[in-house]
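The values are calculated or read from the model by the stated rules, or taken from the named source; none is laboratory data. Here the structure is a predicted model, which means the values were calculated and not measured. Neighbour counts are summed over all protein chains in view; Cβ atoms, including those assigned to glycine, are modelled from backbone coordinates with ideal geometry. Quick note on the areas: whole protein, heavy atoms, side chains included, nothing else; ligands and nucleic acids left out. Shrake-Rupley method; radii C 1.70, N 1.55, O 1.52, S 1.80 Å.
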Amino acid sequence: MYKKIVVSMALDHGIGARAIDIARSLLAEGGEIIAVHILEAVPSFVNYYVTDEHADDIRKSAEEGIAERIGDAKDAEIVVMTGHPGQTITDYARSIQADCIIVGSHKPGLKDFFLGSTAARVVRHAPCSVHVIR
């Protein structure tokens, strides 16, 4: 059982609710679940056209999407950050001394063979155990 589990919530993959259920089953008594979503940084040439209000709306939408997947049980903390997903997840897990990361995988495309998917990066660089779900 794990005391501090980071759950990567890629809202576009549709596995968030299942990932939270898995985290709940792996959680030690008194442990904590942190549901994390990473917003990729807006390129500088686009940033000029994105107002602070738009950025706040995007962050709020991500938080609402995570809350929906967590459900009525309020046993998970919601964290939304900006950065490269694979690197930001592993850096965050290291900074809070997580002992498990749950991350979803998808069927890789050609791009993933050259650049690596988020799940592959997390597995390679995580400071703790990683549970990969499909």
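Only residues that are open to solvent by 40 Å² or more (accessible area, probe 1.4 Å) and in contact with a strand residue (DSSP E or B) (Cβ under 9 Å, 6 or more places away or on another chain) were counted in the stretch 16-28, giving 3. For the stretch 68-80, the set of residues classified as open to solvent by less than 40 Å² (accessible area, probe 1.4 Å) and either at pLDDT 90 or above or assigned to a loop (DSSP other than H, G, I, E, B) (or both) consists of GLY71, ALA76, VAL79, VAL80, listed by residue number. Taking HIS13 as the residue in question, decide whether it is open to solvent by less than 80 Å² (accessible area, probe 1.4 Å) and in contact with a strand residue (DSSP E or B) (Cβ under 7 Å, 6 or more places away or on another chain). Taking the combined requirement at face value, the residue does not satisfy it.
Yes or no, residue by residue, for (1) surrounded by fewer than 13 Cβ atoms within 10 Å (Cβ to Cβ); (2) closer than 14 Å to VAL7 by Cβ; (3) without any contact (Cβ under 8 Å) to a residue 12 or more places away in the chain:
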{"site": "VAL46", "(1), (2), (3)": "yes, no, yes"}
{"site": "ILE58", "(1), (2), (3)": "no, no, no"}
{"site": "THR82", "(1), (2), (3)": "no, no, no"}
{"site": "CYS100", "(1), (2), (3)": "no, yes, no"}
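Beta carbons closer than 7 Å, at least 6 apart along the sequence or on distinct chains, never pair a first residue in the stretch 118-129 that is more than 20 Å from LEU39 (Cβ to Cβ) and open to solvent by less than 30 Å² (accessible area, probe 1.4 Å) with a second that is charged (D, E, K, R) and part of a helix (DSSP H, G or I). GLU32 falls short on exactly one of the conditions (1) open to solvent by 20 Å² or more (accessible area, probe 1.4 Å); (2) more than 16 Å from ASP99 (Cα to Cα), and that condition is (2). Restricting the stretch 49-67 to residues that are in a helix (DSSP H, G or I) and of a type in the set (A, V, I, L, M, F, W, C), the residue that is farthest from ALA35 (Cα to Cα) is ALA55. In the set VAL6, VAL46, only one residue is assigned to a helix (DSSP H, G or I) and of a type in the set (A, V, I, L, M); that residue is VAL46.
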